Every structure is written in structure tokens, then in C-alpha cells.
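Novice: Just passing along the structure, written as C-alpha cells.
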Amino acid sequence: MSRSKTRLTCIIASFALMLAGALALSGCGDAAPEPAPEPEPLPMIDPDPTTPDSIDYLALVNKQNPLPSGWEESIQTVTVKNSLGDDVEVEAKAYAAYLELKADLEKDGIHVDLDSARRSVSEQQRIWDEFTVTYGEVYTRTYVAVPGYSEHHTGLALDLYLNIDGEDVYLNEDMVEYPEIWAQIHSKLADHGFILRYLEGKEDITSYGYEPWHIRYVDSPKIAHEIMDQGITLEEYLGAAIQMPAAA
């Protein structure tokens, strides 16, 4: 064999050995893992629209104390329809608590619904005028707040009515005929963060007559029990009681 052919053969053999070595090395061990993809960012979750964050659930609104400034801009409400076909606007957390109260009462065979809750000043004026025509001025001054000074402006005051044997009982003069049922309702209020707002025998403090249907949400079962168990008014609990005769 000539020298040139020998040199070419050596070159080819060397190249083959290098290629074989490279292939052998590539098959040794596990392949390097691919980098993990970057995790996608979690979606932004909007805050619960039913959770207010800037109102005082113990705010006192009565004949001496008007609705706090800025309340209507801060409150969050829901609007529901009652069994009478009326729309009722309620502060969101108060409504959630009301549903729990309602379900609790139904376990004992007691059925209630919402007659009214939040009212605008103009709506309060309409009620004032309507009660004056229907019941007279003396009754109206005893049971209805002056527009702008109504606890119903807060959305935390709820007026209930009864459903007895499938019939809605919603007129004041009819509802007072069921004291035993109201007593059962009142016994469960505090467990759900409500108090009875206008107590019998406390007219000189609240300036309103006894209303078994008018309840108030205070957001805390603990505070509600402190008030209800002592049989005191919200004014007394807050140290803001001003004794004065109820309107006559």
C-alpha cells in the first residue's frame, strides 16, 4: 500500500474513533432536564363586594343624632323583594345576618320577612306623611322618625313582619296581637348580632314607643348579648342616654 493511502486510512480511522467516542459520551447518564416553566401569576381576586369597610355598626342615629356624614357614600347594600312584592334595600352584612336569623326561626316554625330597612330621606318623608294621614300626628311623632334622623337611613335597622298559617301579617295593629311569637324572635336576635331597638318601658330614653318588629344590627353577637341580656337600649350601652318624655 502506498504511503498516501496509508495516511488517508489513518485519518479516516482516527475520525471514526472520535465520532464513536462522542456518541458514547452522549449516551452516558441522564439527559439534562429542561428548565421548569415560570409559574403563571395568580389571578387578582376582587374583594367581596358585600363586605363594607368604613362604617360604624354602633353608630347612634336618633332624634338627637343625625345620620353620620359620609355614611351614604360608604355603605354597601343589597336589594331584595319580599313576599308582598316590595323592594327592600339592606346593608349587606346586616342582610346576611338576617338570613341566618330567619333560618334559625324557621326551625321553630316561625316565619318572618322584611317589611323595610334602608330608607332615603325622601322616602322617610313619604312615610311620615302617610302615617300622619293614616294614624294622626300624635301617633306619627311617637313611632316615625323625622327625615334625616331616622335609624332606617343606616340600612342597619330592619322592620320585620310575620307570616302565620301562610298569611302575611304586616299591619302594626295586627302584629302586636302576637306577643308570644315576638318574644321567641327576640330571644334569638343577639345570637345573630341584632338587638331589639325600641324596648317597652324605655320610651323616655329612645323617644319611641315599643316596636317588637324593629331590630338593629350591631355586627357583634357579643355586644348584642351584652345589650339584650341587660335589657338596655343602644343609647344606654353607648353612654349616650338622654332621658326625655316620648312624644305625645
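Where a number appears in this text, it was derived from the coordinates with a stated rule and is not lab data. Small disclaimer: the values here were computed from a predicted structure and weren't measured. Note that each Cβ is placed from the backbone with ideal geometry, even for glycine, and that neighbours are counted across all protein chains shown.
Novice: So which of 63/202; 93/222; 102/222; 81/202; 93/202; 63/222 end up more than 22 Å apart, counting from Cα to Cα? Please report the intermediate quantities before stating the final value.
Specialist: Details: 63/202 15 Å; 93/222 16 Å; 102/222 19 Å; 81/202 33 Å; 93/202 28 Å; 63/222 26 Å.
Going by Cα-Cα distance, 81/202; 93/202; 63/222 fall outside the 22 Å limit.
Novice: Which of the three applies to the stretch 71-237, rounded, prolate or oblate, going by the alpha-carbon gyration tensor with a ≥ b ≥ c and a/c under 1.5 meaning rounded?
Specialist: Details: a/c = 1.18, a/b = 1.14, b/c = 1.04.
Since a/c stays below 1.5, the shape of the stretch 71-237 is classed as rounded.
Novice: Quick check: pseudo-label points 7 Å beyond the Cα along Cα→Cβ at residue 123 and residue 146, how many nm apart are they?
Specialist: Reported label-point gap for residue 123 and residue 146 is 2.2 nm.
Novice: How far is it, in nm, from the label point at residue 64 to the one at residue 236 when both lie 7 Å from their Cα along the line to the Cβ?
Specialist: The answer from the label model is 1.5 nm.
Novice: Next question, about the same structure. With an 8 Å cut-off on Cα pairs and a minimum separation of 6 or more residues, tell me the relative contact order of the stretch 94-248 in percent. Intermediate values should be presented prior to the final figure.
Specialist: Numbers: 234 pairs, mean separation 37.0, N = 155.
The value is 24 percent.
Novice: At a 10 angstrom cut-off on C-beta neighbours, averaged per residue, how do the peptides 232-240, 139-147 rank from highest to lowest?
Specialist: Values: 232-240: 16.4, 139-147: 18.1.
My ranking of the peptides, most packed first, is 139-147, 232-240.
Novice: Roughly how many Å is it from the Cα centre of the stretch 120-137 to that of the stretch 158-225, as a whole number?
Specialist: Going from one Cα centre to the other spans 21 Å.
Novice: In nanometres, what is the gap between the two model label sites at residue 80 and residue 163, each 7 Å from Cα along Cα-to-Cβ?
Specialist: 1.1
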